[in-house]
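The values are calculated or read from the model by the stated rules, or taken from the named source; none is laboratory data. Worth saying up front: this structure is predicted, and the values here are computed from it rather than measured. Quick reminder, even Gly has a Cβ in these numbers, built from the backbone with ideal geometry, and neighbours come from all protein chains shown. The accessibility values were calculated without ligands, DNA or RNA, using every heavy atom of the protein model including side chains. Shrake-Rupley method; radii C 1.70, N 1.55, O 1.52, S 1.80 Å.
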Amino acid sequence: MIIPSFKIEDIKKFMQAVDGLYDVVRIVDPSECKVISDASEADRGNEDAEYCHARWGRGKRCLDCASYRAAQSGMIQEKAEISGDEAYKVVAVPLILDDETGRRQYCLELIRKVSEGDVISEDEYTGGADRMEFREVIDTLTGISNWEGFKDAAMEYLSNATDKKSILIRANIKDFKLVNQLYGRSRGNDILYSMAGMCRELAGAKGVYGRIMSDHFMILMAEEDFDEEALKKLAQKVVDRQQFGIYKVHIQFGLYPITDRREDISIMCDKAQIALKAIESDHPVAMNRYRDTMILDRLYSSEVISGFEEALQKDQMSIFLQPQNDRDGKLLSAEALVRWNHPEQGIVPPDRFIRVLENAGLIHELDTYVWEKTVIQLANWTGTVKENVPLSVNISPKDMIYVDIEKTFADLVRKYDVSPDRLNLEITESAVMADPEGCIELVKRLQNRGFKVEIDDFGTGYSSLNLLKDLQANVIKIDRAFLKSIEQEKRSEIILNHIISMANELDMSVITEGVETKKQLDMMSDMGCKMFQGFYFSKPIPIMEFEAKYFETE
Ligand code: C2E
Ligand code: CA
Ligand code: CA
């Protein structure tokens, strides 16, 4: 049942045109029992008349409100009313009004005085209204379609769009629950209004859209009318408008280009959701297109997640160490890298599960575990020659959301009585870029407590040079991608040369990561780099092997 939609001006014209044919022509809001607009406008200003049953007795919903039934069923309903000595016939037509403030579901009531003989038995619908559930098609908060309304409209749209390819877009606000908790519901509602406005602006008259649940919005339109860049710009406007303090709204889109118009609309929405869930980017506006393989990825992710807790309990997570050497191979320090000793799959490298855990909001559980193991290792080395080998650990940007980094590390070194200068903390450049001010503060606080901070994967971001200016890290770790590019491009070599000499002047050490060949080692060494980490010297290896390799004479 599709409820027709009108512009307010058009419906007013219509109401005036038929006014003479009826005693009362008005629009009511059946959920509130209120008169929205009266054709004759005779009742304007009369507060009592605001209630649609003011004529029949105010204070309660009519037992059998025709408009209520009409809105619920999506079909025209009739009924009889007796008021005093007069009998009336009420015809209720469900409709949607569409104006600049949004779309709302109402009913048009056409009421005419009839002679007693014409009155349909009053009892015909008695008790109907309170038994029936009101079938809303409009989301009362934002005024756009709700799930029911969107589903109806989408089905109709697809049955008409036989010659065009359509695309379904699902929009979601990341961590919306958190927004509500931290900033209150009214802030949350503000964001939802902006999102509804964004849908309206993108699809306009060309498509259909709705808020299908809490912070999930859907848009369905022709693929040829869909402009990805335009949507990104609209979303960015919402992000800019809804920034409070350091918090920025993150809007994510899952796109599902429809391949089979007859597919169930709920399944289409699920596929858009799968695309959305597979987003890995931390950018405030991120988009992802559905692929069939995503279902497999999802299965893989759920397997990782379901095995993870057990892995921690059964101590299946271990650390490997990769040495950091000077150019002659002398050991200077090492990086702790996690490995999953999976009962069936053997040793699983972190690339296979870190992302999944980050997306699932579980990475801090792994990281705090790895950090503690690493500090325990340092404590085991206390009082031996190995005491001079600092270890570095990785901090995921997601860790900062869930744990107090400073306190966690301070507690750990205190608990195991390890000097903080033996523990180096690696923060990726992308984490710093995501929240520069927060990170600059954090780095200072960690350094004040005696930890050394390293900027990991340096050179992969866009403003690496700016970062050097603002963030006084102890070490920068040049990403292995940079090393690859200098072999092909002179420009990269020039930039890298500058980075290294600037870092040296600013009193920061430089580690080159991913050194695999003698040629790379020489080249980087000539540029002034003094520390290297890479397969040329060693892969990450189990701790026992590491100890045997570097300290066998002990
Ligand atoms: P990363 O922090 O950049 O660590 C260096 C990665 O580069 C390691 O991969 C290492 O094996 C690899 N690598 C080192 N030298 C070479 C080389 O010469 N050639 C090549 N091709 N690769 C080299 P790994 O151990 O697989 O770790 C991958 C990533 O997973 C790490 O990149 C880090 O981002 C993440 N990771 C590892 N352990 C942890 C952890 O405990 N917590 C978190 N949050 N992330 C971790
Ligand atoms: Ca690292
Ligand atoms: Ca790295």
Exercise for review: Considering (1) in a loop (DSSP other than H, G, I, E, B); (2) more than 29 Å from residue 342 (Cβ to Cβ), say which one residue 291 fails and leave the rest.
Suggested key: (2)
**Study point:** Inter-residue pairs, beta-carbon under 7 Å, first away from ligand 3 (no atom under 16 Å from the Cβ) and in region 466-495, second of a type in the set (Gly, Ala, Ser), 6+ apart
**Key:** 468/503; 486/492; 492/485
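To keep it simple, each residue is scored yes or no on (1) hydrophobic (A, V, I, L, M, F, W, C); (2) away from ligand 3 (no atom under 16 Å from the Cβ); (3) open to solvent by 40 Å² or more (accessible area, probe 1.4 Å).
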| position | (1), (2), (3) |
| --- | --- |
| 378 | yes, yes, no |
| 392 | no, no, no |
| 395 | yes, no, no |
| 403 | yes, yes, no |
| 407 | no, yes, yes |
| 411 | no, yes, yes |
| 414 | no, yes, yes |
| 418 | yes, yes, no |
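Go through the residues of region 451-462 one by one and say whether even a single one is within 16 Å of ligand 3 (Cβ to nearest atom), within 30 Å of residue 383 (Cα to Cα), open to solvent by 50 Å² or more (accessible area, probe 1.4 Å) and in contact with an Asp or Glu (Cβ under 8 Å, 6 or more places away or on another chain).
We begin by selecting, within region 451-462, every residue within 16 Å of ligand 3 (Cβ to nearest atom); these are 452-461.
In the following step, the residues that additionally are within 30 Å of residue 383 (Cα to Cα) were identified as 452-456.
Applying the additional criterion that residues be open to solvent by 50 Å² or more (accessible area, probe 1.4 Å) yields 452.
Then keep just the ones that are in contact with an Asp or Glu (Cβ under 8 Å, 6 or more places away or on another chain); that gives 452.
Yes - at least one qualifying residue is present in region 451-462.
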Study note, to complete from the structure: How many residues of region 421-435 are surrounded by fewer than 20 Cβ atoms within 10 Å (Cβ to Cβ) and farther than 23 Å from residue 359 by Cβ? The answer is 1
Check your understanding: Do we find a residue being over 22 Å from residue 408 (Cβ atoms), assigned to a strand (DSSP E or B) and either in the same structural domain as residue 407 (by TED's automatic domain parsing) or at pLDDT 95 or above (or both) anywhere in region 352-362?
Key -> no
Practice item. Return yes or no: is residue 386 buried (at least 17 other Cβ atoms within 10 Å of the Cβ), part of a helix (DSSP H, G or I) and among the charged types (D, E, K, R)? Key: yes
**Study point:** region 179-208 residues that are over 26 Å from residue 226 (Cα atoms) and of a type in the set (Ser, Thr, Tyr), paired with ones that are assigned to a loop (DSSP other than H, G, I, E, B) and open to solvent by less than 90 Å² (accessible area, probe 1.4 Å) (beta carbon under 9 Å, 6 or more apart)
**Key:** 183/245
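Here are some residues: 347, 319. Which one is away from ligand 2 (no atom under 16 Å from the Cβ), in a strand (DSSP E or B) and not hydroxyl-bearing (Ser, Thr, Tyr)?
Working: 319 fails: away from ligand 2 (no atom under 16 Å from the Cβ).
None of the others qualify; the one that does is 347.
How about region 424-453: which of its residues are under 29 Å from the mean Cα position of the chain (by Cα) and within 15 Å of ligand 1 (Cβ to nearest atom)? Working first, answer last.
Step one: of region 424-453, the residues under 29 Å from the mean Cα position of the chain (by Cα) are 425-443.
Listed by number, the residues that qualify are 425, 426, 427, 428, 429, 430, 431, 432, 434.
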Review point. Is there any pair linking a residue in region 433-460 that is on the phi > 0 side of the Ramachandran plot to one that is among the β-branched types (Val, Ile, Thr) and within 16 Å of ligand 3 (Cβ to nearest atom), with Cβ under 7 Å and at least six apart or on different chains, and which?
Key: 457/428; 459/478
Revision key, fill the gap. Here the residues within region 483-503 that are under 22 Å from residue 425 (Cα atoms) and open to solvent by 30 Å² or more (accessible area, probe 1.4 Å) are 502
Check your understanding: Pick from region 12-31 the residues that are of a type outside the set (A, V, I, L, M) and out of contact with any Phe, Trp or Tyr (no Cβ under 9 Å at 6 or more places or on another chain): which of them is most open to solvent (accessible area, probe 1.4 Å)?
Key -> 13
Review point. Looking only at region 453-470, which residues are at pLDDT 80 or above and either part of a strand (DSSP E or B) or among the small types (Gly, Ala, Ser) (or both)?
Key: 453, 454, 455, 456, 457, 458, 459
Review point. What number of residues within region 471-503 are away from ligand 1 (no atom under 16 Å from the Cβ), in contact with a helix residue (DSSP H, G or I) (Cβ under 8 Å, 6 or more places away or on another chain) and either at pLDDT below 85 or of a type in the set (Ser, Thr, Tyr) (or both)?
Key: 1
Point to revise | Hits in region 528-546 (condition: away from ligand 3 (no atom under 14 Å from the Cβ), touching a residue at least 60 places away in the same chain (Cβ under 8 Å) and touching a Phe, Trp or Tyr at 6+ places or on another chain (Cβ under 9 Å)) | key: 538, 539, 541, 542, 543, 546
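Just to check your reading of the model, which residue among 443, 432 is outside any loop (DSSP other than H, G, I, E, B) and within 16 Å of ligand 3 (Cβ to nearest atom)? I'd like the intermediate steps shown before the answer.
Numbers: 443 fails: within 16 Å of ligand 3 (Cβ to nearest atom).
One residue alone meets the criteria, 432.
Each row is one residue, and each column tells you yes or no for (1) surrounded by fewer than 18 Cβ atoms within 10 Å (Cβ to Cβ); (2) under 30 Å from residue 552 (Cβ atoms); (3) in contact (Cβ under 8 Å) with a residue 60 or more places away in the chain.
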{"residue": "315", "(1), (2), (3)": "yes, yes, no"}
{"residue": "322", "(1), (2), (3)": "no, yes, yes"}
{"residue": "330", "(1), (2), (3)": "yes, yes, no"}
{"residue": "341", "(1), (2), (3)": "yes, yes, no"}
{"residue": "344", "(1), (2), (3)": "yes, no, no"}
Check your understanding: So, in region 352-369, of the ones that are surrounded by fewer than 21 Cβ atoms within 10 Å (Cβ to Cβ) and under 15 Å from residue 456 (Cβ atoms), which residue ends up nearest to ligand 1 (Cβ to nearest atom)?
Key -> 354
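Among the residues of region 221-237, how many are among the hydrophobic types (A, V, I, L, M, F, W, C) and either more than 18 Å from the chain's Cα centre (by Cα) or open to solvent by 50 Å² or more (accessible area, probe 1.4 Å) (or both)? Steps first, answer last, please.
Residues of region 221-237 that are among the hydrophobic types (A, V, I, L, M, F, W, C), as a first pass: 221-222, 226, 230-231, 234-235.
So of that shortlist, the ones also either more than 18 Å from the chain's Cα centre (by Cα) or open to solvent by 50 Å² or more (accessible area, probe 1.4 Å) (or both) come out as 221-222, 226, 230.
Counting residues in region 221-237 that are among the hydrophobic types (A, V, I, L, M, F, W, C) and either more than 18 Å from the chain's Cα centre (by Cα) or open to solvent by 50 Å² or more (accessible area, probe 1.4 Å) (or both) gives 4.
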